Amino acid sequence: MTRVSSTARAAGIVTLVVAGLLGSAYVLGRSLIPDQQPRDTPGVTTNADGPHYADQPSLAEPGGTPSASSNAGPVETGQDGSGRDAGGDKLFGAHATTGTPRLALTFDDGPDPRYTPQVLALLNEYDVRATFCVVGENAQNHPDLIQSIVDAGHTLCNHSWHHDVGLGTRSADAIRSDLLRTNAAIRAAVPNAPIVWYRQPGGAWTYPVVSVARQLGMTPLHWSVDPSDWDVPGAGKITATVLDQAEPGSVVLLHDAGGNRQGTVEALRRILPDLTARFELEALPTDPT
Ligand SMILES: [Zn+2]
């Protein structure tokens, strides 16, 4: 090796190292900048079928910036789903169980005219009351379904305006206005509807989002059983996971919107006979303590 080529190579290495350091500083800088600007909501896509939500951390943030979801730990994917696995420190005090021997079914991301009526019919068939964590824009678009949910004796939970997984990283004012806008859409459909629960999309809890929800009179609600039905694993797998993991006090996470939920509907048809034989099922109360 000649001196020239050796020098050139050394210079090349120095250049790479400097570039790497600059890149790291850039990423670090980005991660330290408070995220005040609205950004594309991770996990939300829109197509001809309407909005698709995914109750799990996004696969990647632009620029590799850690998302609120990833900061919050492995929430809402398989292992995430479980409040037991997520750990109390990641939940910021959000309820993951009913606190009683009773089991609660929760349905997220709706209402959706394709699936919510099917879910309501099955729940009615088994005389089961459940809790619906509705997305504000969907409540605004389908007020009749909000009315149907309430008329059937089910209870409501605020699930943010646009299923914003990163909502917890925004300012308290931004969080407050999102939650209030969602409640207003629900109450435009059903005036005086009790809305005493809030579920953060993606389970990406932060102290500010928990704090604002509580200030607005809503109790943060997580879950303890997650069959990851958002990932469309098929009715058989959804059924098996729920029946295997259900225990007294479980809060079961299911979805009646946000994508193709026919598998969830079919699973529910199989789950209800078994669950109702083993547990008392309840809608989460409108007077949580
Ligand atoms: Zn959701």
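Rounded to the nearest 0.05, what FRET efficiency do Gln147 and Asp244 give with R0 = 35 Å and r taken as the Cβ-Cβ distance? Could you check?
The computed FRET efficiency comes out at 0.50.
Near Phe279, within a Cβ-to-Cβ distance under 10 Å, what is the net charge of the other residues, with Lys and Arg +1 and Asp and Glu -1?
-2
In region 135-289, what percent of the accessible surface is made up of carbon and sulfur (1.4 Å probe, ligands and nucleic acids excluded)?
49 percent
At 1.4 Å probe size, with every protein chain present, just tell me what the per residue accessible area of region 78-187 comes to in Å².
37 Å²
Accessible area per residue for region 205-271 in Å², computed with a 1.4 Å probe and the full protein assembly in place, what is it?
32 Å²
The values are calculated or read from the model by the stated rules, or taken from the named source; none is laboratory data. The structure displayed is predicted, hence computed values, not measured ones. Positions of Cβ are backbone-derived with ideal geometry, glycine not excepted, and every protein chain shown enters the neighbour counts. Surface areas here come from the heavy atoms of the whole protein model, side chains and all, with no ligands, DNA or RNA. Shrake-Rupley method; radii C 1.70, N 1.55, O 1.52, S 1.80 Å.
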